[in-house]
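Quick note: the coordinates plus some simple rules give every number you see, no bench work behind them. Keep in mind that this is a model prediction, so the values were computed, not measured. All Cβ positions, even for glycine, are placed from backbone atoms using ideal geometry, and neighbour counts span all protein chains on display.
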Amino acid sequence: MVQVRDYHCLMRHTPGGSCLDSLTADDLAAVAAGRTCIILDLSNEGPALASAIFDDLHAQLAEKSIPRSAALFVSQNRRIHRQYEKAYGKGIGFATFDFFPVACATWFDSARGIASFGAQGFSPEGYAPLSDPNGPVFLCQNAAVRWHRVLLYRWLTLAGLSPDGLVSFHGISCDNPKGREIDLNAPPPGVAAAFPELIADIADWIPRQPQRFDQETRFGNDLVLTLDASAFARTRLSIVTETDFFYGEVERITEKALKAACMGHPLLIVGAPRSLAFLRELGFTTFDGVIDQRYDTIEDPIERLSAVFASIKGAVQSAKEDPERWRRQVIEESLANYGFARNGLQRRIGQVIAAPLLAQLRTFLHSGALFQS
């Protein structure tokens, strides 16, 4: 409980069956009087609307006679309020907080103290963007098995691009706790018609065991808590497979895209629409004069996947055919991004991510009402 003047905001995490049971009679009276809002923080979890969560939340609020308008749901997804309104109409308020970028950014700040996201933050000693013109062309690290990563992995192989990159894939064996997150017989809608060659005989070619390029590292490609600076140093381009692709009404990035930008890598993002736009909002350049970025605004996932494949092919060919020309084209922006990550990103994150949420809470403190983000 954080007290501000005669107001206080109760920090709660939902769902959990009894997450509101610790509210006292005084707390409930403060909610009814508009002096208290309940902040429900799901900002470090999956962004798509799950009806079970909101059904449970609504039931708890009703049981406590708490109006839905007194609850502020904090999520990574900038569009989750649209999903909510389609399902429930007006009700609880929403705010966004980009948990993974906020936490990860502490790795890169030149004045940082203790890293707030994992134990192995970035060490700048010996690192410079695009310093190896003779290494592999691109870096493509894949986390948990999701359909867009499977399709990209196969496309890189069929397009003959895999030998030009450092490509990882977790595998679907039983020793991978997330290896069964997709049904090989049920690709997303439209995929079978648009990309039959990418799913043909999938059970025969999809890797069972992890495919790694860093065999010396016991954790393979743990993209959340580690950063392999050597992989970025050896390559000229990042193909970032973000968490979300085929879900509708999702708009966010995670640490995956942020790391590539902070390392000064030219990048393409196989992810949700407007991922590059959000990086630009944070203060990064996205190499739009060198890499075709038209895919970033395409809503339809099938069309977006076709466009991003074309963009990847063009960028990889350009970086491969003339490494020195590629470096000349991108080095200024690469160094600018790398420098910004170390001296400016933290401040910008405060302006873009933290300040709007704080403004929302200040509005409540002054008026007793939450506004929709």
Ratio of the range 217-336's C-alpha Rg to 2.2 N^0.38 Å, to two decimals? 1.04
About the Cα centre, charge dipole magnitude for the range 100-342 (Lys/Arg +1, Asp/Glu -1 at Cβ), debye: 320 debye
Kindly rank 231-240, 290-299 from highest to lowest mean number of other beta carbons found within 10 Å of each residue. 231-240, 290-299
Scoring only Lys, Arg, Asp and Glu (+1, +1, -1, -1) among other residues with Cβ under 15 Å from the Cβ of residue 342 yields +2
Across the range 86-103, in residue order, what do the Karplus-derived ³J(HN,Hα) couplings come to in whole Hz, using 6.51 cos²θ - 1.76 cosθ + 1.60 with θ = phi - 60° and x for Gly and Pro? 5, 8, 10, x, 5, x, 5, x, 10, 9, 10, 8, 7, 4, 5, x, 4, 5
Cα long-axis angle, helix 301-321 against the chain (0 to 90 degrees, to the nearest 10): 40 degrees
Using a cut-off of 12 Å between beta-carbons, work out the net charge of the residues near residue 86 (Lys and Arg +1, Asp and Glu -1, residue 86 not included). +1
Roughly what % of Cα-Cα distances in the range 100-342 sit above 26 Å, to the whole percent? 35 percent
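Where does the charge balance sit around residue 245 when Lys and Arg score +1, Asp and Glu -1, over other residues with C-beta under 11 Å from its C-beta?
+1
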What relative contact order, as a whole-number percentage, does the chain give when Cα pairs under 8 Å and 6 or more residues apart are counted? 18 percent
Hey, if you drop one equal point scatterer on each alpha-carbon of the range 292-372 and run the Debye formula without solvent, what base-10 log of I(q)/I(0) do you get at q = 0.14 Å⁻¹? -0.80
Starting with the fewest neighbours, write out 170, 366 ranked by other beta-carbon atoms found within 10 Å of each beta-carbon. 366, 170
